[in-house]
Structures are given as structure tokens and as C-alpha cells.
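The values are calculated or read from the model by the stated rules, or taken from the named source; none is laboratory data. Not measured: the values here are computed from a predicted model. Virtual Cβ from ideal backbone geometry, glycine too; neighbours counted across all protein chains shown. These accessible areas exclude ligands, DNA and RNA; they are computed on the full protein's heavy atoms, side chains included. Shrake-Rupley method; radii C 1.70, N 1.55, O 1.52, S 1.80 Å.
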Amino acid sequence: MDNRNLISCIVFLGLSAFVAVSSIGLGIGHLTNPRAGFMPFWTSLLIIVFSLILFSQTFVNRSAQAGRVDIWSHVQWQKSLLAAAALCVYVFILPVIGYLPATGILMLALFKLGSMKILPAVLASLLAVILSYGLFSFILNTPLPRGTLWF
Amino acid sequence: MDALNGLFYGLSVAFELHNLLLLLAGCLLGTLVGVLPGLGPVGAISILLPLTFQLPPAGAIIMLAGIYNGAMYGGSTTSILINVPGEAASAVTCLDGYAMARHGQAGQALGIAVFGSFIAGTVGLIGLQLIGGPLSVLALKFGPPEYFAIILMGFTFIVYLAQGSMIKAVLMALAGIILSLIGLDPITSEQRFTFGNIHLFEGIGVVPLAIGLFGLAEVFANLEKTAPARVLKVRIRNMFPSRSQWLQAKWAIARGTVIGFFMGILPGGGPVLSTFMAYGVEKRVSKHPEKFGHGAIEGVAAPESANNAAASTSFIPLMTLGIPPNVVLAVLFGAFMIHGVTPGPLLMTQHPEIFWGVIASMYLGNVILLILNLPLIPLWVQVLRIPDKILYPLIVLFCLLGAYSINNSVFDIGVMILFGVVGYLLNKFDFEAAPMILGFVLGPMFEVNLRRSLLMSQGSFAIFVERPIALVALIICIILIILPIYQTIRKKRSYVKQ
Amino acid sequence: MKNNHWFSTGIVVIMLIVVSLICPDSVKAEYPDRSITVLVGFVPGGSMDLSARALAKSAEKILGQPVIIENKPGGTGTVALAALLSQKPDGYTLCATPSSVLIRVSQQQKVPFKPFTSFKPVIGFTEPQLGIVVKNDAPWKTLKDLTGYAAKNPGKVKYATTGVGSTTHAAVEEIAGKDKLQLIHVPYKGSMEALTALLGGHVEFASLTSELVPAVKSGQARLLAVMSEKRSPKYPDVPTMKELGYDFANDAVFAIVAPSDIDPAVMKKLEGAFTAAAKSREYLETLDRINMIPVYYDGKAFDSFLRKHWKIINKNLIASGAIKEAATKPE
């Protein structure tokens, strides 16, 4: 039995249950007068139906298919996690300190994650940040986020 | 003025030195912004709008149209090279374009995209010139019931987008619909799943979603590989499509062109839907559908031709009715107005120099873009030679800038990152992102046209079968659903007999 | 040696950045000493965007500094206003917004600002050409013809607007309420979509904004009534809704607003500059080409405009059942 399908079924069921309940709150209406909750309600019901089909399929095929699949082995998932974490921090500090410093720090972190040496990493981040800033601000005339702290 | 004389007159306008220079500048700039994900032609045209105030109207509009066409050519570049779709219309190109790049065929993929764009763009222009008027009348016949039927047809193409499990593809499309419903209800303005956040009032954007699901997710997947990813570094053999690849792609280009041609005229999501349809049709008629998603050249040629044909024909409603069918042409519409020219049925008689000048310059622009883009291909392919540790952070930067520059919104960056993580998990759990994009694009159109139809008919479903275009589309729809089911049953039967 | 060279380059670049970061704050010159950004809550190319660009272009000649338009679409126009509040109230960031976002949207949705007190209006500078149109081959020559037909055919006449709860919708509600008509409302997203539906014959009439002008000019559509206070100079023969006996006038005036705690001296300078810009020939010519009507409200007049129309809209929205009470408190 493919454990990944089981987990996805549970996630889908949970999400669609939430959507279905909120849709009832919005008001479903009926076929001749659909209201705001109509579309999300029926879509989430369909999700429940198809998740159950997926679930039963997985259950029936449990001998035929390879069993447990460990998605976290043979990979350095810590690296992806770190990159994702760095990006999340970035979104929160970007509006505060502005594009140049925030993106500079992010790029430095990402280059270091790719095990670059510190000096080339610093230079590469500076170059990337300044070039992109220049391109957007002066050639394309689209201002990148300014921080509330600096300018 | 008949079409041929008009064209000659238009060429005489387009070949005036200052117009030629403006066209060249437009094409160059369009290519630049097309390559940058996100920003795209809307941003570029609105930025240049004030600069064109001093220009004569014909020159200004020629330049802005050049930007639009240039951006359409450049749109597929990042999809193919780094799996980052610059706009919703090139999301499908990621599937086979990026797969081709991983097999060392980035040059061929880019090449077929450029040639397909050129052919489709030119055919679209011929259509605009010859049958623009009648076609626009046909387009107006599309009311809510007709749209509903066409969109329903669009949903059946999920079947052809799925590479693995069909059930999972359907689940993804449904999830896409749910995501697309976030925001204010299109009929009653009630808030749905917005959690009171004003950034969610207008829903989440398709470009941040697509960039996250495709581009950023791919970066995450590559970061965690223990063995250094050498797949991309397969020797890049030929820069241009070979003879056999041409033969494979020629009908894909033709079919993509026809689909894009008609879908482009429809106001609304025509071009995006046309790319999904073109891809689905190719996979349906192909003798080797299993190759799709693993670098089938038809999977690049068809959608790229479709979106360029659609880009050309989307000028039809603008020039003949004064109705811009998409956001880019709405900006262009603004440009017409600011220069004191009203696009519409009177354009051809009141401002022939603009009507024919713009059409002629678009023919010319297609040639310029072909000449401009071909030498760029070897240059783009060099991008893949950049070492991973430098390339991946730069792709991330690209994704960030792309997501930000659509609406100048940091919130969109957050959305992009969130869906980068979601896309990464989806890969892990063996789900595909493409059907989700399809559901996301079609969901709101489906709902609003269904509800508008029912409002118009006061709740009667007869409206869908009383109107001929809607009825035909619904019948095609039913055939499209039943045919694959029938075929699988027959296959199973013959299997059992054996 | 090579490494050293890289290192010194790096130091120089870092110093340049530091200097550029510190400079703008350390120099105190007379306002304005750098470019001014005007946020626009809608996509480029629309009437809000184009008219703001036209005004900005004239204003920058008077202010002597570039005035840059930055589009921040989202939240039906509220994202840009919220973004304005997160910026320093130094007069270098302003927002161009339709009054409808302040007094109509904020009654329907809870928004993170107070429509009357969070902002100081600088100027109300233009309004769109709102009107009721039918297709050119329609049998109705006047609004009276149309309402007469609708009265005889209850539940048969369909109309398109730019969206539920929009000014264009409110206008038709007023007509339907007064003449006791049973109409079918088909809401669209924006004027263009609604116009397309009208030209395709999918609805009998449409209530539209400025996008109606090109269609009327080219003879595809016929204008039956306008919603401005006075007749439009472009259509001197078309009556206003007030003349026809409906108590309705356009409540969507486009304005420039600043954060409320802006320095009064800066505010004075801005008011002067934008007033002069709004009266410049160049601006008025552009406005005419993009089919907008020039109006002028100074800060105070615009403030009382907002307060007056808040009450009217509130009454209408509650009467039509769209809301029970205003979602946002005005002050």
C-alpha cells in the first residue's frame, strides 16, 4: 500500500471538509439560484468522492504496488527546508528593511547553502542585487520595495 | 481600401525610418521583458506609455504593439530553460520544454518555439487582415451560456494533461478550482475564504501560483539531490531542430495555430485555454502519447504556436469592435485613447495610416523577432552551463522578481513561496501541478458564466441547449468524455479475451 | 593577489551602498527634493491609471521633481490605500483613488483604514463619464421608452453593470426602485466586459463608465442618460438622470489623498501644485482624449463630498439588501 496516497487522501479530506462547512455558512442556494457557497460546496464534495476513490484504489492495489515509499531518504531535505525557511524570513523582513539589504542577505544565504566560499558568495550576491535593482528601477522604471526603516 | 492595397499602404507607413526604429526598439524591449517572468507586456507598455506621449500616434502604437509581440516570443524562454513560466499562457510549455532542456535539447525546444511563434503569429495576422470583421461578429455571439459550454470542454482536457494517475489529476484540478474561488464572490461581492485580508479580495494571482508550483518547487527538488545534478549538463548537441523533429512538429504547429486563432478572438481567458487545448489535442492524436511530459517536441510546438496565434488574433476585437479581449490589449487600448485615436469599427476609415500601419508593422515585427531570437538561442542555452550553486539562487531571485513585479506586491512573493513549498510536496506525493493550473484558470470563468447564464434564464437550464453554439460545444464535450472511457473498456475487453 | 583585488572591490561596493542608504536622510533640503510616488490601486491602462498619469505629468513640471505612478492593484482598490498608510507621511508617497473605494467598497468590506480620518484629500480632479446605453439597433430612443417597455415586460429586461454594488449598479437600482420595474441584473467585471455583453445582444441595456464613449462615438451604442450633475459637453442632447426625475448623481470622483498626519506646509505645497496641474491645458486635453470629465474639488470640498455621499450610499446599500450596516466605521 502506497503510504503517500493515504496521507494525501487524509489531507484532501480535511481540506474539503473545511471548505464544505464554510460554504454552508456562505449559503449554497440551489441549482436555479446558486449562491456564494454553491461552487465551493460542490467542488469540495467532488474532492471527497475522488479522494475516497483514490483511497480504495490504493487499498485494492496494496499487493501489486511497492509498499511504503520513504520520500525523505536519499535526499538532503534539510537543504530544501533551510531554503524555504530563508525565503519565509525574507518575506517578512522585505517590507521592513527594503529590497537591497533584504535580498542581499537572502542571496548570500542561498549561495552559502550551495557551499560557495564566503568571498565569491558576497560578491555574487552584491552583483545580483545591484544589477536587478538597477534593471528594475532605472531601465524598467518599476520601483522595488522600499523599507520603512531606510528609504 | 482592399486588403492588398491596404497592406502596401501599411508597409509604406511601417518602413518610414522613425517607425522602423520605434518598431525595432519595441521588439527589443518586448523580448527583454518577455524573458523576465512576471513583469511582461502589461508592465512594459504602461511604463513606456508616458514616453510615447510626444510621438505621433502611429509610431507610438507601432512601438507598443512591438513590445507585445516581443514579449510573446520571449515568454517561453524561462519555461524551457529553468521551468519558470513567465505568464499563465506558457505554463504548459514547462511540461515538455523543460523536459527537453534536461535531455540536452534546450536549443531545439527554443528553436521550435520561435519558429512556431513566427508561423502562428503570421497566420494570425493574415486572418486579422482578411476575415477580422466577420470573426469579431462571431465572437460577440459568445454570451455566458456559450462560454460555459466552452469552459466545460476545457475541463475535459484534464484527461490529456495527466501523466500518471487520472484520479490524482482530477483531484488537482478540483483543488485548483477551490484556490481560484478565494476572494470576493463575482456576483454578490461576499468574501469567500479571504480571512478578512484585503490582499485576498481579488484572489491569488495565477502567475505567482504558477511560478511557485513550477519554478521554485523545481529549485527545492534540485537542492536536496545528494548527487550533483548533472542531468542539465548533458552535452548540448544541436542548437536548432533537426529535420526529423521538424517533421514531428509541423502538424502540431498547424493545429496549435488553428486552435489559438479561434480562441484568441474570445474575450477573456482565450489564449491560456488555447495552450491547454492545443497540448491536449496533440497528446490525443499522437502515436506516442506516453512521450508527452518527457520531452515531446509537439508538446512545445503546439502550445507556443497557439499562444502566438491567439496574440495576433486578439487584435481583432480591439481593432474592429474597440473591445480589448485581455489585460495587455486593455493597456494598448488606453494608449490608443491617449493619442486621441478610438479603436473600433471606424478605425479603418478614420485612421487608415494607423490601422494598416500597425498591421503591416506587426508582419514586419514577426520577421524582426525571428531574426532577433534565433541568434539568442545559443546564448540562452549557455545559461544551463552556469554551475548549480550559482544558477539556483539566481533562479530564486528570478522567481521573486517575477512574482513581485506583476502587481508590485510583496504579498504575491509570499503566495509564490507558499506554492513553491506546496509544489515541492506535491512532487513528493506524486501529484502533478499542470491540472491544478487548468482548474485555477477555468474555475472562476466556469462559475461566473454558469451563474450569469442562470440569472439570464431565471434558473432554467434550457438556455444551454436552446443556443446553437452552446449546444454544439456541449455535444463535443460529451463525446470527449465518453470516447476515452469507451476506448479503455474496449482495451480491457480485448485484454480479457486474450 | 587576485583575491586581494576582489576584496578591495567588494569593500568599495559596500561603501557605496552604505552611503546611498544614509544620504537621503542626512540631507534636509526644501520639499520636494526627490521624486514623489503616487500609488494607484488599479491595473495600468484603466481610467484611474490614465487620468492619474496625466495629472502626474503636469504636476511634475510644477513641482520640479518626477512624479512616478506605481500600480498596486488589489482589494478592489483598497490595497494601495493600505500601502499608503504603511509609508512615512513625508509627502513623498501619495495615493490616487476613486472616492468609491473610500465610501462604497469600505461599506461592503471591512478595510484596514478609516475612510474619513486616515487620509487628507489633496484634490478631487476628475470623474468618469457614466451613463446608460442601449445597442444601436435597439428600438428605445429615450430612457422613458426603455422604462416603459420594462414596465410592460416585467422580468424580461436584462441589464449589465460593472459589478454588484458599483455606482453603475446603484443607478439602475434607483431607476428600478422609482418606476417599480422588475429587471434582471447580470453583473460583469468592469465596463469592457459589460459593453461586450451589450454589443453581443446578451442584455437589453447596460450601465457603464467611460468605456461607453468610444462605442457611442462609433455608432455601436446609443446613450440614453448620463449620471453627472450637469449635462456632458460632449453630449449636450443627452439628459442627466436628475433631469429625468431620478435622484441620482455620480458619486465616483477621482482624488489624490495623503496620509492624515502629513506636515501642513508640505500639504499646502501639494495642493497648490496639483491645483495648478488640474487646470493646465495639457492635462485637460489628455483628459478629453481618455473620455474623462474634468471636475475640481479642493481638499475641504472633497472631504464634505465624501461625508455627504457616505450617507446616501449607506441608505441605498441597506435598502437594496446588499449590507445590514457599514462594514467599516468611517471615523
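Observations on the structure shown:
- Remark: region A:13-24, residue by residue, has Karplus-estimated 3J(HN,Hα) of 4, x, 4, 5, 4, 4, 4, 4, 5, 5, 5, 4 Hz, where x stands for each Gly or Pro and the curve is 6.51 cos²θ - 1.76 cosθ + 1.60 at θ = phi - 60°.
- Computed about the Cα centre, the dipole magnitude for the protein assembly as shown is approximately 1940 debye when only Lys and Arg (+1) and Asp and Glu (-1) carry charge, each at its Cβ.
- Rounded to the nearest 20 debye, the dipole size of chain B about its Cα centre is 1860 debye, using +1 on the Cβ of Lys and Arg and -1 on the Cβ of Asp and Glu.
- Crossing angle, helix C:47-63 versus chain C [Cα axis fit, 0-90 degrees, rounded to tens]: 40
- Under the shape rule built on the C-alpha gyration tensor, where the axes satisfy a ≥ b ≥ c, region B:54-190 is oblate, since a/c reaches at least 1.5 while a/b does not exceed b/c.
- For region A:77-139, the solvent-accessible area with a 1.4 angstrom probe is 46 square angstrom per residue.
- Stokes-Einstein diffusion of region B:323-453 at 10 °C, 1.306 mPa s viscosity, Kirkwood radius from Cα pairs, rounded to a whole number: 80 µm²/s.
- Candidates per GluC sites (Glu not before Pro) in region B:424-479, loop by DSSP, up to 15 other Cβ within 10 Å: none
- Taking amide H as placed 1.01 Å from N in the peptide plane, the amide H of residue C:126 sits under 5 Å from that of C:254, C:295, each at least 5 places away or on another chain.
- Note on region A:77-139: Cα-only Rg and Dmax are 12.2, 39 Å.
- Partner chain coverage, peptide C:85-95 - average Cβ within 10 angstrom: 1
- For chain A, leaving out every one of the trypsin sites (Lys or Arg not before Pro) that falls in a DSSP loop and has at most 13 other Cβ atoms within 10 Å, the longest unbroken run is A:1-61.
- Eigenvalues of the alpha-carbon gyration tensor of region B:68-120, scaled by 5 and square-rooted, set the equivalent ellipsoid semi-axes at 17, 13, 8 angstrom, largest first.
- Two-site FRET efficiency, residue B:491 against residue C:137, from Cβ-Cβ distance with R₀ of 60 Å, rounded to 0.05: 0.65
- Based on C-alpha pairs under 8 angstrom that are at least 6 apart in sequence, chain B has a relative contact order of 29 percent.
- For the protein assembly as shown, with +1 on Lys and Arg beta carbons and -1 on Asp and Glu, the positive-most of B:169, B:112, B:409 along the dipole: B:169
- Against chain C, whose longest principal axis is taken from its Cα atoms, helix C:299-319 shows a tilt of about 50°.
- Radius of gyration and maximum dimension Dmax of region A:3-60, Cα, Å: 13.2, 42
- Gyration tensor (alpha-carbon) shape descriptor, chain B, a/c threshold 1.5: rounded
- Rule-of-thumb Rg ratio for the protein assembly as shown [Cα; 2.2 N^0.38 Å; N residues]: 0.93
- Calculated FRET value between residue C:284 and residue C:231, using beta carbons and R₀ = 22 Å, to 0.05: 0.75
- Taking amide H as placed 1.01 Å from N in the peptide plane, residue C:242 has its amide H under 5 Å from the amide H of C:248, each at least 5 places away in sequence or on another chain.
- Among C:48-55, B:82-89, A:86-93, the peptide with the highest mean count of other Cβ atoms within 10 Å heads the list, and the full ranking is B:82-89, C:48-55, A:86-93.
- Computing FRET efficiency as 1/(1 + (r/R0)^6) for residue B:374 and residue C:152, where r is the C-beta to C-beta distance and R0 is 45 Å, gives about 0.10.
- Spatially proximal aspartates and glutamates relative to residue C:144 (Cα-Cα < 13 Å; intrachain offsets below 8 disregarded): C:179, C:243
- Computed label-point distance, nm, for sites residue B:290 and residue A:118 using a 7 Å Cα→Cβ extension: 5.4
- Normalising by residue count, chain C has a Cα convex hull of 165 Å³ per residue.
- For region B:22-36, Karplus couplings with θ = phi - 60° (6.51, -1.76, 1.60), whole Hz, Gly/Pro x: 4, 4, 4, 4, x, 4, 4, 5, x, 4, 4, 6, x, 5, 5
- Links that overshoot a 21 Å alpha carbon limit, given the list C:158/C:234; C:72/C:300; C:135/C:158; C:120/C:308; C:180/C:217; C:141/C:189: C:158/C:234; C:72/C:300; C:180/C:217; C:141/C:189
- A protection proxy built from the mean count of other Cβ atoms within 10 Å ranks the segments C:180-188, C:264-272, most packed first, as C:180-188, C:264-272.
- GNM remark for chain A: springs join alpha carbons under 10 Å apart, and the peak mean-square fluctuation among A:103, A:58, A:32 falls on A:32.
- Cα→Cβ-extended label distance, 7 Å offset, between residue B:18 and residue B:54, nm: 1.1
- Surface/4 estimate of mean projected area, convex hull on alpha-carbon atoms of region A:3-139, nm²: 14.7
- Under a Gaussian network description of chain C, with springs only between Cα atoms under 10 Å, the residue in C:148, C:64, C:321 that fluctuates furthest is C:321.
- Debye equation applied to the C-alpha atoms of region C:131-226, log10 I(q)/I(0) at 0.24 Å⁻¹: -1.34
- Compactness of region B:1-120 as Cα Rg over 2.2 N^0.38 Å, two decimals: 1.21
- Across peptide B:428-436, the average count of Cβ atoms from other chains found within 10 Å of a residue's Cβ is 3.
- Probe 1.4 Å - accessible area at residue B:4, Å² to nearest ten: 110
- Distance histogram in 10 Å bins (all Cα pairs of region B:105-264, percent per bin): 8, 19, 31, 28, 12, 2
- 5 angstrom amide H check on residue C:120, placed H, neighbours 5+ away: C:258, C:260
- Restriction of the chymotrypsin sites (Phe, Trp or Tyr not before Pro) in region B:174-210 to DSSP coil positions whose beta-carbon has at most 11 other beta-carbons within 10 angstrom yields B:195.
- Once each of the trypsin sites (Lys or Arg not before Pro) sitting in a DSSP loop with at most 16 other beta-carbon atoms within 10 Å is removed, chain B keeps B:288-498 as its longest stretch.
- About the centre of its Cα atoms, region C:200-331 shows a dipole size close to 160 debye [charges on the beta carbon of Lys, Arg (+1) and Asp, Glu (-1) only; nearest 20 debye].
- Each residue of region A:90-104 was assigned a 3J(HN,Hα) from its phi angle through the Karplus expression (A = 6.51, B = -1.76, C = 1.60, θ = phi - 60°), giving 4, 4, 7, 8, 4, x, 7, 9, x, 5, 4, x, 4, 5, x Hz with x at Gly and Pro.
- Measuring nothing but protein heavy atoms, the accessible surface of chain B at 1.4 Å probe radius is 71 percent carbon and sulfur.
- Positive-end ranking of C:63, C:106, C:253 along the dipole of chain C, with charges on Cβ about the Cα centre, is headed by C:106.
- Cα-based Rg of region B:8-75 normalised by 2.2 N^0.38 Å, two decimals: 1.07
- Helix A:38-60 and the long axis of chain A differ in direction by around 80°, with both axes built from C-alpha atoms.
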